[in-house]
Structures are given as C-alpha cells and as structure tokens.
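Derivation of every value follows stated rules applied to the coordinates shown; laboratory data play no part. Predicted model only: the values in this text are computed from it and were never measured. In this analysis, Cβ positions are derived from the backbone assuming ideal geometry, glycine residues included, and neighbour counts consider all displayed protein chains.
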Amino acid sequence: MKVTALMDDQLIDEVRMFSGGRNITESMVIALTDWLRIQKIKKLNAELEGNPVVFAPGFTAAKVRKLNRRQRY
C-alpha cells in the first residue's frame, strides 16, 4: 500500500539508524513490525495476568524433557 505521511525528519533519521533498514520504507516496516510485536506481547501479558497459566498436577520439566527425547526421529 502506498502511504503519504508527514513526519519529522529527525524521527525518520532515528528510525533509519536504529532499524538498520536500507531505505525509509524498509526502516518503517521494521519499526512498525517491532512495535506491533511489543503491543501483542503487552496484550498477552495482560491476559495472563488476569488468567494465569496453571500446570496440571504432577507436571515437571523433567517429564516433558523425557517425553520430548523419546519423540525424536
């Protein structure tokens, strides 16, 4: 999608510097993708805060490791 946006040159320069993009478009895609990932993590954290994960009785990391080792090809 083609978008025209008026943004501060200093902001664009910083985004380009920190993102490592080859041009403004790539830099903005990197920055927006990272921002979306952070927002999704925040949303998930808020959901887990209200409804935390509860492991089944008898669950241990050792049992899971043993099960995973048996399933290797």
If you check every pair at least six apart or on different chains, which have Cβ atoms under 9 Å apart with a residue in segment 33-51 that is touching a residue at least 60 places away in the same chain (Cβ under 8 Å) and surrounded by 10 or more Cβ atoms within 10 Å (Cβ to Cβ) first and a residue that is among the β-branched types (V, I, T) and not in a helix (DSSP H, G or I) second? none
Starting from residues that are surrounded by 10 or more Cβ atoms within 10 Å (Cβ to Cβ) and polar (S, T, N, Q), keep the ones in segment 11-32 and report whichever is farthest from M1 (Cα to Cα). S19
Segment 52-73, residues that are of a type in the set (V, I, T) and either loosely packed, with under 10 Cβ neighbours inside 10 Å or within 21 Å of the chain's Cα centre (by Cα) (or both): V53, V54, T60
